[in-house]
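Let me begin by presenting the structure, written as structure tokens, before commenting on it.
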Amino acid sequence: MNNARTLLDRIYTDFEFAHAIADDLFPVSINRDQGIFIAKVIDRHKPKVVVELGFRYGISSLWVHSATHRPSSHIIIDPYHHIPNPPKRFTIDTFIRKQKGVILEDHMTSQEYLAKLLRQKTKVDMVFVDASQWFDSVMTDMYFVARILRLKGIVVIRNIWSKPVRKAVMYYLKNLPFTVVGIAPWQEWVIKHVPVVGELLLRVLIRPLDLCVMRLTHVDNRDWDSYIPF
């Protein structure tokens, strides 16, 4: 069995082991269903270069490496991943840092490092966005993501229940050449149209998966004054 999957199985089934890593490992980290979904996205699209925004305790990074078709390059960006609560045991950190092709950037912010990748003309195949939920942060992250992503590249965004995250996703779906793929139709409808329901109810409806998968479909050829309300 894949070593990352073995470690994940123990983390999800052995409460004492998980608690020994961090008191709040869950629910801060992604759940098993979300992790399996991410691994399936990777196996389906077979990205060679993956960028991950947000690391925290590293559960999502483990799921990336649990996939059958693991990326040859995995860039993880999070200067705040152990603030304010560092893990009690660095089991996951140690594992991830030893994986071939991993770059764990913990000094620069996501925007700073993404700007660096853009200057270097680096192209990536998939980006997992699970960083700050501030609207301006998500929008700025996506500004750079849209420019380093290869055509037909995939973006997976977590925390769709969060209004600022969802609003940023709506902007990109309505104004840029992105389309939702690999997610239930009713969730796509919620993301695009945002029915008038309480945030708590929306969180309950979406929380089981809570991921949006978008694909960059074609080159951005908007007019200079193009804008679609979102």
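Potential lengthening of the chain between Trp134 and Tyr227 amounts to 31.3 nm, from the contour at 0.36 nm per residue minus the alpha-carbon distance. Could you sort out which of Lys88/Lys167; Lys98/Lys174; Lys98/Lys167; Lys98/Lys121 sit more than 32 Å apart by Cα distance in this structure? Those over the limit are Lys88/Lys167; Lys98/Lys174; Lys98/Lys167. Each of the peptides 222-229, 164-171, 22-29 was scored by the mean count of other Cβ atoms within 10 Å over its residues; in descending order, highest first, they stand as 164-171, 22-29, 222-229. With a Förster radius of 22 Å, plug the Cβ-Cβ distance of Lys88 and Asn31 into 1/(1 + (r/R0)^6) and report the FRET value to the nearest 0.05. The calculated FRET efficiency here is 0.55. Loop-located trypsin sites (Lys or Arg not before Pro) across the stretch 108-140 with a Cβ neighbour count of 13 or fewer within 10 Å are Lys121, with loop assigned by DSSP. Here each label is just a point 7 Å from Cα along the line to Cβ, and for Glu112 and Lys100 those points are 3.2 nm apart. Projected over all directions and averaged, the alpha-carbon convex hull of the chain occupies 12.6 nm². The alpha carbon centroids of the stretch 162-176 and the stretch 1-38 are separated by 29 Å.
Couplings 3J(HN,Hα) for the stretch 80-85, derived from phi with the Karplus relation 6.51 cos²θ - 1.76 cosθ + 1.60 (θ = phi - 60°), are 10, 5, 10, 10, x, 10 Hz, where x marks Gly and Pro. With the biggest extent put first, the Cα atoms of the stretch 49-90 measure 33, 18, 11 Å across the principal axes.
Computed over the chain, the per-residue total of -39500 (n - 2.57) for DSSP H runs of n ≥ 4 gives a 222 nm mean residue ellipticity of -13500 deg cm²/dmol, rounded to 500. Under 18 Å from the Cα of Lys123, which lysines turn up, not counting those fewer than eight places away in the same chain? Within the straight-line cut-off, Lys123 pairs with Lys46, Lys48, Lys152.
Which of rounded, prolate or oblate describes the stretch 41-146 when judged by the alpha-carbon gyration tensor and an a/c cut-off of 1.5? The shape class here is oblate.
Readers should treat all values here as calculations from the given coordinates under stated rules, not as data from a laboratory. Bear in mind that the values here come from a model prediction, so they are computed numbers and not experimental data. Counting neighbours? That spans all protein chains shown, and the Cβs are built from the backbone with ideal geometry, glycine included.
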